[in-house]
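The structure appears below as structure tokens.
The values are calculated or read from the model by the stated rules, or taken from the named source; none is laboratory data. Because the structure is predicted, anything quoted here is derived from the model rather than measured. Neighbour counts are summed over all protein chains in view; Cβ atoms, including those assigned to glycine, are modelled from backbone coordinates with ideal geometry. Remember, those area values only see protein heavy atoms, side chains included, never the ligands or the DNA or RNA. Shrake-Rupley method; radii C 1.70, N 1.55, O 1.52, S 1.80 Å.
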There are 4 protein chains.
Amino acid sequence: MAASIINDRKIEHIAIVQNDEQSDRRRYYFDQVHLAHRALPEIAPEDVDTTTEFLGKKLSFPLLISAMTGGDHVLLERINANLAAAAEAAGVAMGVGSQRVMFGSPAAERTFALRSHAPSAVLLANLGAVQLNYGFGLDQCRRAVEVLGADALCLHLNPLQELAQPEGDTDFRGIAAKIGEVARQLPVPVIVKEVGCGISPTDAQKLREQGIRYLDVAGSGGTSWSRIEHHRHGGDGDDSLGLTFQDWGIPTPLALSQLRGQGDDITLIGSGGIRHGIDMAKAMVLGASLCGMAAPFLKPAMQSAEEVVQVIERLRQEFRAAMFLLGVTSVRQLVGNEALLLRY
Amino acid sequence: MAASIINDRKIEHIAIVQNDEQSDRRRYYFDQVHLAHRALPEIAPEDVDTTTEFLGKKLSFPLLISAMTGGDHVLLERINANLAAAAEAAGVAMGVGSQRVMFGSPAAERTFALRSHAPSAVLLANLGAVQLNYGFGLDQCRRAVEVLGADALCLHLNPLQELAQPEGDTDFRGIAAKIGEVARQLPVPVIVKEVGCGISPTDAQKLREQGIRYLDVAGSGGTSWSRIEHHRHGGDGDDSLGLTFQDWGIPTPLALSQLRGQGDDITLIGSGGIRHGIDMAKAMVLGASLCGMAAPFLKPAMQSAEEVVQVIERLRQEFRAAMFLLGVTSVRQLVGNEALLLRY
Amino acid sequence: MAASIINDRKIEHIAIVQNDEQSDRRRYYFDQVHLAHRALPEIAPEDVDTTTEFLGKKLSFPLLISAMTGGDHVLLERINANLAAAAEAAGVAMGVGSQRVMFGSPAAERTFALRSHAPSAVLLANLGAVQLNYGFGLDQCRRAVEVLGADALCLHLNPLQELAQPEGDTDFRGIAAKIGEVARQLPVPVIVKEVGCGISPTDAQKLREQGIRYLDVAGSGGTSWSRIEHHRHGGDGDDSLGLTFQDWGIPTPLALSQLRGQGDDITLIGSGGIRHGIDMAKAMVLGASLCGMAAPFLKPAMQSAEEVVQVIERLRQEFRAAMFLLGVTSVRQLVGNEALLLRY
Amino acid sequence: MAASIINDRKIEHIAIVQNDEQSDRRRYYFDQVHLAHRALPEIAPEDVDTTTEFLGKKLSFPLLISAMTGGDHVLLERINANLAAAAEAAGVAMGVGSQRVMFGSPAAERTFALRSHAPSAVLLANLGAVQLNYGFGLDQCRRAVEVLGADALCLHLNPLQELAQPEGDTDFRGIAAKIGEVARQLPVPVIVKEVGCGISPTDAQKLREQGIRYLDVAGSGGTSWSRIEHHRHGGDGDDSLGLTFQDWGIPTPLALSQLRGQGDDITLIGSGGIRHGIDMAKAMVLGASLCGMAAPFLKPAMQSAEEVVQVIERLRQEFRAAMFLLGVTSVRQLVGNEALLLRY
Ligand SMILES: Cc1cc2nc3c(=O)[nH]c(=O)nc-3n(C[C@H](O)[C@H](O)[C@H](O)COP(=O)(O)O)c2cc1C
Ligand SMILES: Cc1cc2nc3c(=O)[nH]c(=O)nc-3n(C[C@H](O)[C@H](O)[C@H](O)COP(=O)(O)O)c2cc1C
Ligand SMILES: Cc1cc2nc3c(=O)[nH]c(=O)nc-3n(C[C@H](O)[C@H](O)[C@H](O)COP(=O)(O)O)c2cc1C
Ligand SMILES: Cc1cc2nc3c(=O)[nH]c(=O)nc-3n(C[C@H](O)[C@H](O)[C@H](O)COP(=O)(O)O)c2cc1C
């Protein structure tokens, strides 16, 4: 697929997410998880330390601006620059969208060269894992990391998204082994993520056997790529594949609680439908060490870094409030602490 | 009942199904069944083999155009011809509607003589089992199979539908034994099916004792014959028997999971309210080897074989997608594989 | 309370039931009970014997027109005469409303003297049990039975209804023992019933110790006396006692299933919110031997016996259909037969 | 914070509660608790003794007008005077709002000096527990009790409310121990209460270790302080902290049933979303010895003591009705008596 087409596609995605409210499924699966309020937290908000470490760097709180975009277009450049500057300013992690485009269109590279905007932030490179079956290999992975100056490489698994595109790359044969190979040779860790359908225990087990230690569940409930692709290949009326599968997948809280039993050597990232700091606290109680959020950052990122920072600050305030109201002072006390769940 | 009346009745049924949206109950019982997405299917869509065998013939995927119509009328002839041509072209199974009419009106026979339109397809003859108490016997069963060139004979059980008609044939005494007798002597297998109320474990056990090895549960959730008959004997206002019983019966997914325990010598067909390929995958995970769908084919069948093929192709694409996203390459891996269910 | 006031009250009740749709709470609690359809009933509708015995008399099916009215007014007379004639014609049981009025107003007696309209029907006399604390005793009970020529005497328990009236008779002290005394001396059996709030296991146990063998649960879900009394003492706005308590009580299906364990020497009547023959079948599967229905008979009874018979015939047809579709030929096979419940 | 600001704030609170219907969350959590009706209560309403003792004084029934207001303003004065006069007349307990204001503005004192209006009523003083970290101590607690002539001191825990205010006092460090100290030295008992988020078992255990024997759960479902504070710091659009946390907390019935297991030496008060006498009965069956209600008293208290008495009388009538219909004659029979719960 030509790089210019990928560029156009990225613009199209963004337009759809902006225009179709229902591309965010708003299933609010986290509303079914309840936390045990502490009337007597016995701490002060100042005691609440929302900071955490991820990949050896400190974050002001466990937030990841999830992978979204990049490519040779002024809008994409602006979005990424704003997100990176905001991540740096606010002390959170940031992932870029798939960097595949830059291998066909060198002009796209500069939109991923974000280290100058974010010298100290955790930055995550991104490629589609399935591309390892389409000519990509260790070299491209290295290059993706280099251009960004990334702390890790996200390899995303998106079988439904690929399938919902006529031009999709859908050969997922042997991908687990290839991910493992890359992971063993890359100088930075590999994070495997979905894009909105969740990772099942079986998937997690396979990846663990390949030495993967970071999983971003990216479950269902928030952005639906199936629905977005339906719009791109529209005209099909009500029964396109994308529309029929728009709610396919494992809800994020369920995915997290299923993976918790998998072993302590796995670091989980919770994403997919997280919309405020209470959801973040819930994801962490269910086992996540970091929380990702994508779609809600798009609109502010089209404006300015400041607007992005504002959203982040609101999330931090909410997350800190939730920690305070649960009486916990450190992120470590939160992760996987099921005593904080309210049982009905 | 005179054959001409049966003909008129068939036309009436079709008009009602077309005009009363609620004759399809749209209960979406399958929405309560959840499948375990595989982010890492480790296969390519090409590896997915949706083909299956049914009655010794190959199907492109496990779809049955369920029994609907036939009779001495140009519309009925067109519908059946289009369905048969589409079944042949798309490689799926097709059942005809009750052939009882042809015993009173020889002119109706030609609308069941579909083998020329579908030389290699699985074709299923159809008679009401209750007719075995109303003068029908092995001869008529044989004849029904012959005219169609059928691979099997469906005997349908429809006690509610018969009861909801003033002129209904409702003597179901000794029917199990008579079905057994026919089955033992007919050169092709007998499939016993309901028409939208489901088959209970008790029913299944009785039929198994009679040597029946094929059951089509045809449960509730989709087309309601009780409601359709209500319209035909209308004028009763809100409290006709048909309306009161419109949601009577065993929901299709429940019927399937109850019958699964019954033993491996039973081949199950899932039908009643299946509306897309995800539903098909769910029915198969719950134990079905073949999935039937009726009402949604009616409108395209009134147009052309091509329109029917289009609907089938969409279903196949969806079913294949579901298999791919579950990481299974063969239909065999799907049937009754409860590991593919997502447990909440 | 003067007899004329009671008469007026009865008229008022009827007007309220007619005008306030919500006095029937329409909670449809029976919709949560599911029956196991038999595709292969192995019987004919003619085999279905809906008849049953109650109090030594034969009923065409287990229906009771529940206690409603009576009193010195032409409308009340007409209602009772029509109900009685219909009960006779259709072969069902009938209860009259409270006969207390006739002890103050002899003119009211004739509206309870229904034996001439229904020479062979089961007729049930009716008095409020609480009246045993307000000057009534064995004499009045005997007289109530005599005037009607009743087969049994219903003593109703209505603590909420009494409480929702300013003029209510609410002293329920020692009522169980007094009911027992009456029961031991009366020539006909005593049936104890509620009027829409249900009978709990504790109540049932007390009554059993007093030798009572017939209980009509009259649970919540249908007619709400609390709401009706709210209207009569209206003007209170939204917060009258009657309105606040309008849904108080034990739902009829729950009341039945709780009482089933109580012992085989209790004959249960199910009533409260039963609205068609499927509900009747469900009530019987849950343990009832007879099903009562009140409010839905009011309107036809104001017209003619024929209209009442029509409603009864519809119910019988539905009940018979349900029996047929469950493959049972006798009422005995239905009562308390939990194998007929569909388990989810 | 200057006293005049506190005064203004109190007025603002009241205006918000009056104008924003949704500040009362109307979650009706008590609707999910069902009570077992007794058709045969075997008592008369006169036998029902709704009286109870609280802090050595007799109440006509277990109602507490929960803490609301006070301060140097004619409206606040009127509200408190009306509530106190009504509490006296109707024989119920009354709490005042936080008395902190009177330490900065001596003129506010008179609005808390309610003993003259309510010579024999149970009156509860009120201070924010968190103030023990902001210069308050035993002296202020004593003074708060003295001015009111209080029977006990309520120390409220409101971490969410404080956090939702920019000017909030949020240092809850060591508060449990300080509460314990005050409790050990104060001449009257200390009651610890929340203000709408509930008290968890962990909180209760801490307080018990400090010798606290009275807890008012004040759970979620009714008035939301988080939402009220959102209005005061409005203009934030849809995503203020206050709005995001508006439904945070433990629902009142759940909080009660969780605390029941904590030990018999704890006296529980149920509050938060109680709206009528049936809710009161439910709270008591779940373990409360007293029931608090706040927001619904605000409007009548702005009118007159008589209007408040009317509301109280309606509640008493409802509560008495519930007791009667459960067949219990004393409040003692109600508290924690789970046999009165209806199990589905
Ligand atoms: C506009 C947009 C573009 C995205 N592009 C990518 C991508 O290139 N690579 C990737 O791994 N995920 C991508 N995602 C998925 C997100 O990283 C994330 O997993 C998912 O959207 C769930 O988060 P949400 O519900 O908060 O939006 C994209 C999401 C959005 C909204
Ligand atoms: C118009 C129409 C006619 C039908 N006629 C027959 C029939 O003659 N014989 C039969 O066994 N089933 C008949 N059926 C029932 C179907 O075969 C099937 O069991 C049922 O409709 C459930 O499928 P659905 O919900 O996908 O429509 C008919 C269904 C429709 C919609
Ligand atoms: C208009 C009307 C009057 C009633 N009067 C009496 C009565 O006098 N005595 C009695 O025991 N029950 C009386 N009932 C209660 C019924 O017998 C029955 O228990 C209750 O209404 C539940 O049935 P339903 O939901 O089918 O109406 C009356 C019901 C209605 C609707
Ligand atoms: C206007 C208003 C003011 C309140 N002020 C106080 C207060 O000063 N101190 C306190 O402990 N609780 C205060 N509360 C909380 C109540 O005492 C109670 O815990 C809570 O509102 C739950 O009850 P409800 O749902 O019946 O309103 C106030 C409540 C209202 C509605």
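How many of the residues in the range A:229-260 are modelled with pLDDT under 95 and more than 13 Å from every other protein chain (Cβ to nearest Cβ)?
Residues flagged as modelled with pLDDT under 95 and more than 13 Å from every other protein chain (Cβ to nearest Cβ) within the range A:229-260 amount to 5.
Taking the range A:190-228 only, how many residues are charged (D, E, K, R) and over 17 Å from A:M293 (Cβ atoms)?
Adding up the residues that qualify gives 6.
Would you be able to say whether some residue in the range D:212-228 is more than 16 Å from ligand 4 (Cβ to nearest atom) and not hydroxyl-bearing (S, T, Y)? Give the derivation first.
Going residue by residue through the range D:212-228, those that are more than 16 Å from ligand 4 (Cβ to nearest atom) are D:213.
So of that shortlist, the ones also not hydroxyl-bearing (S, T, Y) come out as D:213.
Checked against the condition, which is being more than 16 Å from ligand 4 (Cβ to nearest atom) and not hydroxyl-bearing (S, T, Y), the range D:212-228 yields at least one hit.
Facing chain B (nearest Cβ under 7 Å), among the small types (G, A, S), assigned to a helix (DSSP H, G or I) and more than 16 Å from ligand 2 (Cβ to nearest atom): which single residue out of A:A183, A:A144, A:A176 fits that description?
Working: A:A183 fails: facing chain B (nearest Cβ under 7 Å); A:A144 fails: facing chain B (nearest Cβ under 7 Å).
Going through A:A183, A:A144, A:A176 in turn, the sole match is A:A176.
Kindly provide the set of residues from the range D:195-206 that are open to solvent by less than 10 Å² (accessible area, probe 1.4 Å) and at the interface with chain A (Cβ under 7 Å from one of its Cβ atoms), ordered by number.
Across the range D:195-206, the qualifying residues are D:G198, D:I199, D:S200, D:D203.
Being without any contact (Cβ under 8 Å) to a residue 40 or more places away in the chain and open to solvent by 30 Å² or more (accessible area, probe 1.4 Å) is the filter here, so list the residues in the range B:166-194 that pass it.
B:A177, B:R184, listed by residue number.
Return the pair list, or none, for Cβ contacts closer than 7 Å from residues in the range D:297-314 that are more than 23 Å from D:G272 (Cβ to Cβ) and away from chain C (no Cβ under 14 Å) to residues that are open to solvent by 70 Å² or more (accessible area, probe 1.4 Å) and more than 16 Å from ligand 2 (Cβ to nearest atom), at least 6 apart or on different chains.
D:A305/D:A89; D:V309/D:A89
Is it fair to say D:A150 is part of a loop (DSSP other than H, G, I, E, B), under 23 Å from D:P106 (Cα atoms) and in contact with a Leu (Cβ under 6 Å, 6 or more places away or on another chain)? Show your work before the answer.
Working: part of a loop (DSSP other than H, G, I, E, B): yes; under 23 Å from D:P106 (Cα atoms): yes; in contact with a Leu (Cβ under 6 Å, 6 or more places away or on another chain): yes.
Considered against the rule, which asks whether it is part of a loop (DSSP other than H, G, I, E, B), under 23 Å from D:P106 (Cα atoms) and in contact with a Leu (Cβ under 6 Å, 6 or more places away or on another chain), D:A150 comes out as yes.
Restricting to the range D:320-335, name every residue that is open to solvent by 20 Å² or more (accessible area, probe 1.4 Å) and away from chain C (no Cβ under 12 Å).
D:S330, D:R332, D:Q333, D:V335
Which of (1) surrounded by fewer than 23 Cβ atoms within 10 Å (Cβ to Cβ); (2) under 18 Å from the mean Cα position of the chain (by Cα); (3) within 10 Å of another protein chain (Cβ to nearest Cβ) is the odd one out, the single condition B:Q317 does not satisfy?
(2)
Specify the residue that is nearest to ligand 2 (Cβ to nearest atom); the eligible residues are those in the range D:153-165 that are in a helix (DSSP H, G or I) and open to solvent by less than 10 Å² (accessible area, probe 1.4 Å). Can you show your working first?
Filtering the range D:153-165 down to residues in a helix (DSSP H, G or I) leaves D:159-163.
Still in the list and also open to solvent by less than 10 Å² (accessible area, probe 1.4 Å): D:159-160.
Details: D:P159: 55, D:L160: 51 Å.
Across the range D:153-165, the extreme among qualifying residues is D:L160.
With the condition kept exactly as written, say whether any residue in the range C:287-306 is over 20 Å from C:G91 (Cα atoms) and open to solvent by less than 20 Å² (accessible area, probe 1.4 Å).
Yes, some residue in the range C:287-306 is over 20 Å from C:G91 (Cα atoms) and open to solvent by less than 20 Å² (accessible area, probe 1.4 Å).
State all residues of the range C:306-319 that are closer than 22 Å to C:A15 by Cβ and aliphatic (A, V, I, L, M); if no residue qualifies, say none. Outline the logic, then answer.
Quick first cut of the range C:306-319, residues closer than 22 Å to C:A15 by Cβ only: C:307-308, C:311.
Passing the criteria: C:V308, C:V311.
Scan the range B:286-296 for residues that are farther than 20 Å from C:R343 by Cβ and either more than 14 Å from chain A (Cβ to nearest Cβ) or aromatic (F, W, Y) (or both) and jot them down.
Here is the first cut: in the range B:286-296, the ones farther than 20 Å from C:R343 by Cβ are B:288-296.
Passing the criteria: B:A288, B:S289, B:L290, B:C291, B:G292, B:A294, B:A295.
For every residue, the table says whether it meets (1) acidic (D, E); (2) in contact with a strand residue (DSSP E or B) (Cβ under 8 Å, 6 or more places away or on another chain); (3) away from ligand 4 (no atom under 12 Å from the Cβ).
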{"site": "D:D279", "(1), (2), (3)": "yes, yes, no"}
{"site": "D:K282", "(1), (2), (3)": "no, yes, yes"}
{"site": "D:K299", "(1), (2), (3)": "no, no, no"}
{"site": "D:E307", "(1), (2), (3)": "yes, no, yes"}
{"site": "D:Q310", "(1), (2), (3)": "no, no, yes"}
{"site": "D:S330", "(1), (2), (3)": "no, yes, yes"}
